[in-house]
Amino acid sequence: MGGPTPRTRRSSEEVQELVLASARDLFLARGYDGTTTADIARHAGVPEKQLFRTFGTKAGLFDATVLQGFAAFARRYRETWTAGRENTTPEQRIELLVKELVHLAEENRAILMSAVNRGSADQDDPQTRLVHHWAQTLQSWEDLATEVRDAEDLEIDPPASIAALGAMAFGMVMLEDLLIVPGPDAPSRDRRVEAMIRLAAHGLLARRSSAS
């Protein structure tokens, strides 16, 4: 009989990908405070000291997974908006914006809830930075709302409009337990998103300039 099969040595890139994927999964599922570096190392199947050598701290891992994920999301949405500018209607672009905001809130619900409940004013706190990233993501899209306003001759306030859409998406996801009574007549997630899209499109596009 032969001896045990030798374990294949993983490259540093493979280990890093495993750690990042595990960290993101656990942060999203448990929040920042509910996740330890030991949990991440165990989930990834690597020694905890290897995690520290690569990322330094739990906060460093949080930045590399969740916060950079927010930045990547904002870039992807802007690229999608720009690519579809010539062959989509304002209604379709508003629909895309609402759906993306809801998706972002849903994907990060646990850590966003944890960050809001924590209420820290410490600018170095990872969860405080997360809340700021959410706000900065919304702010980065104000020029997109300005573009629609100018193209369609609308009387809207782009910063306030984007903030209101963000509040609708955030509130629907974060406050679901307060807003929806469980039961057969409860509106489904898709119905609620569709209602948000209709409200947003009507509220924004109905405000035509009196000069138009």
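Any read-out appearing in this document is the output of simple, stated calculations on the displayed coordinates, not a laboratory observation. Everything numeric here is computed off the predicted structure, so don't read it as measured data. Virtual Cβ from ideal backbone geometry, glycine too; neighbours counted across all protein chains shown.
Arranged from fewest to most other beta-carbon atoms within 10 Å of their beta carbon, 180, 162 become 180, 162.
Comparing Cα centroids, segment 128-182 and segment 22-58 end up 31 angstrom apart. Largest mean-square fluctuation among 90, 158, 47, in a Gaussian network model of the chain whose springs join Cα atoms under 10 Å apart, belongs to 47. Each Lys or Arg adds one and each Asp or Glu takes one away; over the other residues whose Cβ falls under 15 Å from the Cβ of residue 71, this sums to +1. Hydrodynamic radius of segment 63-205 by the Kirkwood approach over all distinct alpha-carbon pairs: 16.1 Å. Note on the chain: with charges restricted to the Cβ of Lys and Arg (+1) and Asp and Glu (-1), its dipole about the Cα centre is near 780 debye.
The residues neighbouring residue 140, those whose beta-carbon lies less than 15 Å from its own, together hold a net charge of -2 under the Lys/Arg +1, Asp/Glu -1 convention. Suppose each label sits 7 Å from its Cα in the direction of the beta carbon; what would the residue 71-residue 13 distance come out to in nanometres? The answer from the label model is 2.1 nm.
Take every pair of alpha-carbon atoms less than 8 Å apart whose residues are at least six positions apart; their mean separation over the length of the chain yields a relative contact order of 21 percent. On full extension, the segment bounded by residue 205 and residue 136 gains 22.4 nm, given 0.36 nm per residue less the C-alpha separation.
Using a Gaussian network for the chain with springs between C-alpha atoms less than 10 Å apart, which of these wobbles most: 11, 22, 114? Top of the fluctuation ranking is 11.
Taking the chain as a Gaussian network of alpha-carbon nodes connected by springs under 10 Å, the highest mean-square fluctuation of the residues 35, 89, 146 belongs to 89.
Every helix of 4 or more DSSP H residues in the chain counts as -39500 (n - 2.57), and over all residues that averages to -21500 deg cm²/dmol at 222 nm.
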